[in-house]
Amino acid sequence: MTHVTFSTTGFTCPSCVKKIEKTVGRLAGVDDVAVMFNANKVRVTFDETAQQADTIARTIADLGYPVTATSRPVAV
């Protein structure tokens, strides 16, 4: 499993958190999604053999929350 943290913008209410957690959580290979509302960050734990960080970032952006930075993948 791998952790990646995405910095993003556009969070305005708690429903943003649910929207991201639900949509990203349904992607193949995703094990956990943690949205840090006040920090404008999304931490995702996923299986790199089943999913790519770029696809996750694109999914977050497609929901209306542009990804401004992505941390280096960290194996766990």
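Worth pointing out:
Conditions (1) out of contact with any strand residue (DSSP E or B) (no Cβ under 7 Å at 6 or more places or on another chain); (2) of a type in the set (D, E, K, R), marked per residue:
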site: 14; (1), (2): yes, no
site: 24; (1), (2): no, no
site: 32; (1), (2): no, yes
site: 46; (1), (2): no, no
site: 53; (1), (2): no, no
site: 70; (1), (2): no, no
site: 73; (1), (2): no, no
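- Top-ranked residue in region 26-76 [being part of a strand (DSSP E or B) and loosely packed, with under 15 Cβ neighbours inside 10 Å; ranked as modelled with the lowest pLDDT]: 74
- Scan of region 1-20 for residues that are surrounded by 16 or more Cβ atoms within 10 Å (Cβ to Cβ) and free of Cβ contacts under 8 Å to residues at least 24 places away in the same chain, ordered by number: 17
- Taking residues in region 55-71 that are without any contact (Cβ under 8 Å) to a residue 40 or more places away in the chain and more than 16 Å from residue 18 (Cα to Cα), and partners anywhere that are of a type outside the set (Ser, Thr, Tyr) and part of a loop (DSSP other than H, G, I, E, B), the pairs with Cβ atoms closer than 9 Å and at least 6 places apart or on different chains are 55/27.
The values are calculated or read from the model by the stated rules, or taken from the named source; none is laboratory data. Just so you know, these numbers come straight off a predicted model, no measurement behind them. FYI the Cβ positions are ideal-geometry reconstructions off the backbone, even for glycines, and counts take in every protein chain you see.
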